[in-house]
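Notes for the one structure printed next.
The values are calculated or read from the model by the stated rules, or taken from the named source; none is laboratory data. Remember, predicted model here, so these are calculated numbers, not experimental data. Quick reminder, even Gly has a Cβ in these numbers, built from the backbone with ideal geometry, and neighbours come from all protein chains shown.
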Amino acid sequence: MVVTVARWLLGALLVWAGVLKIGHPVDLASAIAGFRLLPPELVAPLAVVLPYFEVLLGLYLLAGLFTRVVAWIAAAQFAIYAAAIASAVLRGIPANCGCFGPGDTAVADWPHVAFDLALAAVAAFIAIRAPGALALDRRLRPR
């Protein structure tokens, strides 16, 4: 049951974060550009796609569909977020996290790095122990 609860919480977090960003690609592009890691030509497309990708990952986790693969993807995504934030902190860039849409004015800092690494660890735990109870993956397995 621990895997199921973790899967639902992480899935809900991803859906929530994605939904808050969907209608605000310009704000998200500004937040992404603030990290000074990507070429400018990648920032706008990423700002459009990323929220939908987060929502999709979250929905898959909530449903327990392709749980192992989706959880590993989420773990990698959170690790990348942690690395980007750590990079900004180390370089002294006051980048806006942008994690929860335009209303999120939190500046990148070490607690954000720790939070993203913790989320990556939860996602890895889900991937290792997948799929958990009440997962569609259980219905799709041949008997």
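Values as computed for the structure displayed
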{"read-out": "Unique match (being in contact with an Asp or Glu (Cβ under 8 Å, 6 or more places away or on another chain) and of a type in the set (Ser, Thr, Tyr)) among 81, 60", "value": "81"}
{"read-out": "Only listed residue being under 21 Å from residue 5 (Cβ atoms) and among the basic types (Lys, Arg), chosen from 91, 36, 139", "value": "139"}
{"read-out": "Qualifying residue in the range 58-70 (condition: in contact with a helix residue (DSSP H, G or I) (Cβ under 7 Å, 6 or more places away or on another chain), among the polar types (S, T, N, Q), part of a helix (DSSP H, G or I) and crowded, with 16+ Cβ neighbours inside 10 Å)", "value": "yes"}
{"read-out": "Pairs where the first residue, in the range 53-78, is at pLDDT 95 or above and among the β-branched types (Val, Ile, Thr) and the second is crowded, with 19+ Cβ neighbours inside 10 Å and not in a helix (DSSP H, G or I), C-beta under 6 Å, 6+ apart", "value": "67/130; 67/131; 67/135"}
{"read-out": "Some residue of the range 84-91 being surrounded by fewer than 17 Cβ atoms within 10 Å (Cβ to Cβ) and within 18 Å of residue 20 (Cα to Cα)", "value": "no"}
{"read-out": "Pairs, first without any contact (Cβ under 8 Å) to a residue 40 or more places away in the chain in the range 91-111, second surrounded by fewer than 12 Cβ atoms within 10 Å (Cβ to Cβ) and part of a loop (DSSP other than H, G, I, E, B), C-beta under 6 Å, six or more apart", "value": "107/94"}
{"read-out": "Residue 131, sole failed condition from (1) in a loop (DSSP other than H, G, I, E, B); (2) surrounded by fewer than 16 Cβ atoms within 10 Å (Cβ to Cβ)", "value": "(2)"}
